[in-house]
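A.B. asks: Just dropping this structure here.
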């Protein structure tokens, strides 16, 4: 009976050693970007782990106490087994047995669990997070002084550089996006969109300008039939309009679908063109078009319209293949 109890104690200590050693490796290997996304999506387990991320001293103290309990139980199990098997065991027997069993503890209580958590930290840590929280509360009376000492010592050290930044710089943002793509959080089209946003932020719209002499537009006084015939001829979705007797002075546009599907007067269908300068970035121009709910913007230089830029073209460029940021 004593052998059976000692074996149970040893197995429990070995399991605790594997649990806390693996959890420690998984904690420092998991993707905190994915964890934050899952937590904001309402995942309670992710929120629990994220709390430990924001309070790493609580995680470290719990792991430290757990590993010490595991080491005590494995050593106690070996000692009880020797006492039951040997009539008069001495210190040499106890030391020798502990040394003999150490490779087993190292292999199954340290090496293998660390390797497993290293390969799949997210899955294993999320699965075992509720159990880790239980151990946190069980060991709290012991780990609380360690947590307080850690917080006290941090006052004398440099600011914590491991804190998750609230504002991501360009390089840090790129690394986060790469990590998100690696973990399957960003599809290829999403990755291309983000890359397009980063690459076109400061690119001016000069190369996107449609010169005013090549714009297939009409005067605002044209009839509905003339506009529809003009749209069919040039395959237009929106018709730019200029003022009467002022060719090139584009001030509004009208959507062909609205012309063809209703009887609303043309004056009520006019969409005023936002005005941008040639050095405006593509992203800024796209934002102005979105704010004005306009499909076309007029590009002006020295208060003179020099051409148009289209919302559709700017949007398509965001999804084009971009060189690495």
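A.B. asks: Give 284, 272 a once-over and let me know the one that is in contact (Cβ under 8 Å) with a residue 12 or more places away in the chain and closer than 30 Å to residue 204 by Cα.
C.D. replies: Every option except 272 fails the conditions.
A.B. asks: Can you name the residue in segment 18-54 that is surrounded by 15 or more Cβ atoms within 10 Å (Cβ to Cβ) and not in a helix (DSSP H, G or I) and is also modelled with the lowest pLDDT among such residues?
C.D. replies: 31
A.B. asks: Among the candidates 126, 65, 69, which residue alone is modelled with pLDDT under 90 and in the same structural domain as residue 49 (by TED's automatic domain parsing)?
C.D. replies: One residue alone meets the criteria, 126.
The values are calculated or read from the model by the stated rules, or taken from the named source; none is laboratory data. Quick caveat: nothing in here was measured; it's all calculated off a predicted structure. For neighbour counting, all protein chains shown are included, and Cβ atoms are generated from backbone atoms with ideal geometry for every residue, glycine included.
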